[in-house]
Amino acid sequence: MGSQTDLTYALEQDQADVLAPLRERFVIADEQLLYLDGNSLGRLPRETERLAQTLLSEQWGKRLIRGWNEGWMALPESVGASIAQVLGADPDEVLVADSTSINLLKLTIAALRLQASRGRSEIVTDDLNFPSDISVLQSALELCGGTSHLSIIPSADGIYGPVAELTGVLNEETALLTLSHTTFKSGYVYPLEELTSAAHECGALVLWDLSHSVGAMPLALRDAGVDLAVGCTYKYLNGGPGAPAFLYVRRDLQERLENPLAAWMGHAHPFDFSLTYQPAPGLRRFLTGTPPVLSLALIEPGVRLVLEAGTERLRSKAEGLSGYLLDLWEHELAPMGFTLNSPRESAVRGSHISLGHPEGLRIDQALIHDMHVLPDFRAPDNLRLGLAPLYTRYQDIYHAVKRLKQVVSEGLYHKYSAQVSVT
Ligand SMILES: *Cc1c(COP(=O)(O)O)cnc(C)c1O
């Protein structure tokens, strides 16, 4: 006989969770630590630990340079093909290389150059986008000679994406519409298909940053006709700190776009050492330098866990977890001054929830240092709680909220300065 917010309810939900057994496939070094930052750095899969050992001792250690012909050279495509399944793309449409920032830069410049030939020069984005992505877009514009411009469409409330305004500004000069599919702060999720179609109707290309979506929800790039996409592998894909990122280019665009950072790995015949650059056919032209074999190979086990779970099931668990957290927020946290800085409706919300509090930064410090909870914080006042459906449990949410309440009701955050830099 409990309410939908008590511990019994959480334990029952964990019991009934079909994905619960997958938690054991991760290294959980500290059972007491409540980890709510899997949207920033996913946990370490056990299989990745084993693979790391094999890569070092069996491959690098024993095979030495022969490793390049025994699978290393193909890793950008082979890991890309696995990620393609998570994206609803074809295997030859996804490549793993560089970081998300670099891939965004490469694809943005490639798109701008293609569109310049059609007299289009404007990039459209929003102010919910990851600020670093905006810097990359500005760099791309400067590198293209500064003749194009960036329109940053503001969100009215900082939570919901300005969908109508975005479609309203698309015009015959728009070269590219680029957005974070799931926004990094509020967790708002854009209607990918609708905006892709709107961009196409006006002749613009679309580039989605999928960093906070991939591995947390079904994606259907093929069906939506998406042109370009990039994203991280170290968040819900659990690829490891700083693991290289993916880029997606729709097949029919691949040979019409040029890699602005051309180098030997994207060359059709890298070992000819020809003085004339000839781009490789297909997506491989978007490689620049030598693939980071160790970190690249270690992405695969995390992706396989996502595929084993199934993105529909991951999404449905993420909705369950966030629904539970919202109930707790409404009944227990809202009365203590926490505001909801994420959309209320699960249909337009990703797998993390932001709660605002004027003392957010100090509360965050107390959670980390005194309460054994790892959330994260996004300025100015957002506690961001990541719910990674592969391993986050309902009971973790219950306990995290309990500790959060204790921090506030007992004033445990008072000893922290509001000025400290965020770790
Ligand atoms: C995490 C994240 C990035 C990170 O890019 P890096 O190049 O790996 O530092 C970029 N964009 C978005 C939207 C992100 O959430």
Prolate/oblate/rounded call for the range 1-131, Cα gyration tensor, a/c under 1.5 rounded: oblate
The chain - share of DSSP beta bridges that are antiparallel (%, nearest 5): 55
Packing rank of 253-261, 38-46, where each peptide gets the mean count of other beta carbons within 10 Å, highest leading: 38-46, 253-261
Order by protection proxy (mean Cβ within 10 Å, highest first), peptides 106-113, 54-61: 106-113, 54-61
Rounded if a/c under 1.5, otherwise prolate or oblate - the range 314-370, Cα gyration tensor axes: prolate
Ellipsoid equivalent to the range 338-423 - semi-axes via the Cα gyration tensor, in Å: 21, 15, 11
Where the Cα pairs of the range 51-109 fall when distances are cut into 10 Å bins, in %: 21, 36, 31, 11, 0
DSSP-assigned coil residues among trypsin sites (Lys or Arg not before Pro) in the range 326-423, each with at most 16 further Cβ atoms within 10 Å: ARG344
Extended-chain gain in nm, criterion 0.36 nm per residue less alpha-carbon gap, ARG344 and GLU47: 103.3 nm
The chain, relative contact order [Cα under 8 Å, separation at least 6], %: 22
Full-extension gain in nm, GLU70 to ASP30, via 0.36 nm per residue minus C-alpha separation: 10.7 nm
The chain, accessible surface, carbon-and-sulfur percent (1.4 angstrom probe): 54
Paramagnetic label zone (point 7 Å from Cα along Cα-to-C-beta, TRP60; backbone N under 19 Å) in the range 265-304: 289-302
Principal axes of the chain: Cα extent on each, largest first, Å: 71, 57, 40
Probe 1.4 Å, protein heavy atoms only - accessible area per residue of the chain in square angstrom: 41
Signed unit charges on C-beta, dipole axis of the chain, positive-most listed residue HIS212, ALA347, HIS369: HIS369
Gain on full stretching of the segment that runs from ALA164 to GLU410 - 0.36 nm per residue minus C-alpha separation: 84.1 nm
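The values are calculated or read from the model by the stated rules, or taken from the named source; none is laboratory data. In this text the structure is predicted, and so the values were computed from the model without any measurement. Note: ideal-geometry Cβ built from the backbone for every residue, glycine included; neighbour counts use all protein chains shown. Ligands, DNA and RNA are stripped out before the accessible areas are found, and what is left, the full protein with its side chains, is counted by its heavy atoms. Shrake-Rupley method; radii C 1.70, N 1.55, O 1.52, S 1.80 Å.
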